[in-house]
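Just below is one structure, and these are the notes that go with it.
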Amino acid sequence: MPTRVKNELPLDIYIPFVQTLFRDSVTLAIGFAAQTLLIVLVYLNTADPIYLWLAVAMGVLAAMRLGSLRRYARKPEPTTRAEAQERERVYIVYGAAHGLFLGLFCFLAIYWSPDYFGEIASICVTLASATSIAGRNYGSPRMVMLFIMTMTWPISAGFILRGDIYHVVLGCLSIPFFFAIRRFAANVREVLFAALWAEKTARRLARRFDRALNTMTSGLVMLSPEGKVVVANAEAAALMRVSSADKLLGRTLRGLLMRGVAGGVLSLKDSRYAEAQLARALREGRGRKVLLRLEDGRYFEFSAREGDDELGVITFDEVTARIEAEERIRTMARYDSLTGLPNRAYFHELMRDCVPTGDPDRLVGLVVFDLDDFKSVNDTLGHPVGDGLIYAAAERLSCFAGDDVKVGRFGGDEFMIFFNDAKDRDTFARAVDAIFAQLTGEADVAGHALRIQVSAGAVLARACEAEVDAMIVRADLALYKAKENGKNCWLLFEEAMDRAFRDRQVMKADLRQAVETENLRIVYQPIVSMQTMRIASCEALCRWDHPELGPVSPTVFIPLAEEMGIVSAISAFMLKAAAAECARWPEPVCVSVNLSAKDFRSDDIVAKVRAALASSGLAPERLEIEVTETALLDDRAQTRRYIEQLKALGVRIALDDFGTGYSSLSYLHTLPLDKVKIDRSFIVDLTRSQRSLALLKGVVDLSRSLGLAVTIEGVETFDQLKTLASEIKPDLVQGFLFGSALTASGISAMSGSTWAFVREGQPAARSGS
């Protein structure tokens, strides 16, 4: 309650107080009538005309005061303090006159014109009027004071003027009576003020509550202990499709939900489900959330809990945006964004859910498809075209999806199809053949006519024995084998593939250990000068002796090393070991080390060559680096930069296996090469085909015209050597005609020898000076 300054009431309280002064004119009129009648009776009893005049004056005052009350009662409520104060002043004037007339009546009857009946009548009517002072005039403290003064003071004066001690004492007793009435009026005023302020506060709180209730975004319904709606907001009314929240009051929870059914908001099934769940939550006294999909497609989440005073509280919010967002997130987490097919994780989940269901003895199948040569599409036409090719393949595969056939994208260019019931091996094979035929063929992607070619691996298993991860591994093994067999085909998994895979994994682990411990060895194949028939250089060849399998062919372990990413470590080992061995050979003999394409993807290769030369002390010109054409294809500019850095060290550069793969004469012109090594395929038919001879002679002449030395590889017969010596005249030759690869010590021993051919195909070395 606010603090009042100088007894001034707040305007919104003061105005209602003033308005109460002008109410209930009926009781006031009855009072005037009774008072006037008593004055007339005293006049009749005493025949004193003063009472007659007083009766007339009271009647006139009654007419004026009652008229004032009726006039102000019909006027609008004042809006300013000044207007309210003006009304209070008018009321005080008439009220003071009324009190004065009553006091004068008592004074006349007690002292001026004493009369026993008049004395009793005047005091009785005045005291009766005094009892209503507090009730009628609490709105104006000044009116209370004036009423008490004008009514009691004349009575006290009359008693005191009588002169005897008894009347004097009686007159003095009016003083405490005065204060008692004054205090009583003040108490009434305070009580009524507190009540009005409490009512005002309650109304303000009610308005705030109503505003908060009807502007909140959540719908709200409160239920009484009897289960009936006692509070509902506008959102609840809007959801139930009624015009006002008041129309929901008094309904039960079931009636509320049935109203939603009648309005087409809820289905009957959802209504019963919601009623059961919400009623249970209210009954158990703990929060519970219920998600409902309305008939118009929107989603609402209802929450029920027990509130204070055993009131049940049900709130609800529209969560359509959240549900849609969650669905989008779930879709993004489960489906591939490019093709719309289940991704790897979700496909795995689908398989895991399908396998245990149904007949445990049925056959389930899995096929893994991989687009052949997909990387070349991305590299040549760009990733957008590659994505288009993936999408085209996914569209063709999607045609086979069904309840028992699941299609997914495992990432990259790999797809999977799961058959939940493959029937038998032949039916499964026919189904895969049909998919294979549908998938392969031409596709128009962004104006490019591309051919979809795939390889696939498949696996069959009994449902009761099938393990999802194991099936995926086995299908991958079959796919790997299909690619080994030339691609564009599919194979069904066999146990031999698993054994081969396990053996391969063991071999990888053993190879890694051998590389890390440098448990490899190097042999050297002589490169012979055509002029002197002596060893001019040697090609370093890596060998691996497996502790259990024995010697492993380089054609086996070098691709493994490339697959594992450790081929550069082998290159570093060979550079270091070959440079160290060559440094101990006679000075004219050089060594050649073949580096892989992966070695030229990092500038570490330059540092490795520099370190090998530094640690061995080998003269740079005695070390030759062989570069394959494959290394030049990946990044020609980068490879050229590394070759130039190697040339700056003083080493020589040879282009190895020229004439195979992607041979380009531009390499001879643009790269800083010292030598060309011509592949053995050029001399296979050398002694039988003039065309082969002419082609070889043209390549050698072209190389020499560019200032490049020429080495011919693969010389295996005396006739080949003889033809080369007479027709081609290369600088160097290399092949099994000069024997198998030798150890470092063997090269050291043979370095001063000259090859003499005593019989065709049987070279013999003889000591030279």
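The values are calculated or read from the model by the stated rules, or taken from the named source; none is laboratory data. For clarity, every value in this text was computed on a predicted model and none was experimentally measured. FYI the Cβ positions are ideal-geometry reconstructions off the backbone, even for glycines, and counts take in every protein chain you see. Accessible surface areas use protein heavy atoms only, side chains included; no ligands, DNA or RNA. Shrake-Rupley method; radii C 1.70, N 1.55, O 1.52, S 1.80 Å.
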When residues of region 328-341 are filtered for being surrounded by 11 or more Cβ atoms within 10 Å (Cβ to Cβ) and in a helix (DSSP H, G or I), how many remain? 4
So residue 433 ticks every box in (1) closer than 22 Å to residue 340 by Cα; (2) part of a helix (DSSP H, G or I) but one. Which box is left unticked? (1)
For region 414-423, enumerate the residues that are open to solvent by 30 Å² or more (accessible area, probe 1.4 Å), at pLDDT 90 or above and either in a strand (DSSP E or B) or out of contact with any Asp or Glu (no Cβ under 7 Å at 6 or more places or on another chain) (or both). 414
Those residues that are in contact (Cβ under 8 Å) with a residue 24 or more places away in the chain and of a type in the set (Ser, Thr, Tyr), I need them from region 517-548; list them, please. 524, 529, 532, 537
The residue that is nearest to the chain's Cα centre (by Cα), considering only those in region 437-470 that are over 26 Å from residue 345 (Cβ atoms) and not in a strand (DSSP E or B), is 446
Step by step: first the residues of region 190-225, then only those that are modelled with pLDDT under 70 and among the polar types (S, T, N, Q), then the one that is farthest from residue 240 (Cα to Cα). Which residue is that? 215
Would you confirm, using the coordinates I've provided, whether residue 581 is open to solvent by 40 Å² or more (accessible area, probe 1.4 Å), within 20 Å of residue 677 (Cα to Cα) and modelled with pLDDT of 90 or more? no
Consider only pairs whose beta carbons are under 8 Å apart and that are at least six residues apart or on different chains; among these, list those whose first residue lies in region 210-229 and is within 11 Å of residue 250 (Cα to Cα) and whose second residue is among the charged types (D, E, K, R) and modelled with pLDDT of 75 or more. 228/251; 229/251
Among the residues of region 433-485, write down those that are open to solvent by 40 Å² or more (accessible area, probe 1.4 Å), in contact with a strand residue (DSSP E or B) (Cβ under 8 Å, 6 or more places away or on another chain) and among the polar types (S, T, N, Q). 453, 485
Going by the conditions given, is residue 411 open to solvent by 50 Å² or more (accessible area, probe 1.4 Å) and either touching a strand residue (DSSP E or B) at 6+ places or on another chain (Cβ under 8 Å) or on the phi > 0 side of the Ramachandran plot (or both)? no
Residue 43: of a type in the set (Phe, Trp, Tyr), in contact with a Leu (Cβ under 6 Å, 6 or more places away or on another chain), part of a helix (DSSP H, G or I) and more than 21 Å from residue 142 (Cβ to Cβ), yes or no? yes
Positions within region 536-569 being aliphatic (A, V, I, L, M), over 55 Å from the mean Cα position of the chain (by Cα) and open to solvent by less than 10 Å² (accessible area, probe 1.4 Å), in sequence order: 540
Residue 57 being in contact with a helix residue (DSSP H, G or I) (Cβ under 8 Å, 6 or more places away or on another chain) and open to solvent by less than 70 Å² (accessible area, probe 1.4 Å): yes
Just to be sure before I move on: is residue 640 surrounded by fewer than 18 Cβ atoms within 10 Å (Cβ to Cβ) and either modelled with pLDDT under 85 or in a loop (DSSP other than H, G, I, E, B) (or both) in the structure I sent? yes
Does any residue of region 679-698 turn out to be modelled with pLDDT of 85 or more, closer than 26 Å to residue 606 by Cα and outside any loop (DSSP other than H, G, I, E, B)? no
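Matching residues to (1) more than 28 Å from residue 466 (Cα to Cα); (2) β-branched (Val, Ile, Thr); (3) in a strand (DSSP E or B); (4) open to solvent by less than 60 Å² (accessible area, probe 1.4 Å):
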| position | (1), (2), (3), (4) |
| --- | --- |
| 350 | no, no, no, yes |
| 356 | no, no, no, no |
| 367 | no, yes, yes, yes |
| 391 | yes, no, no, no |
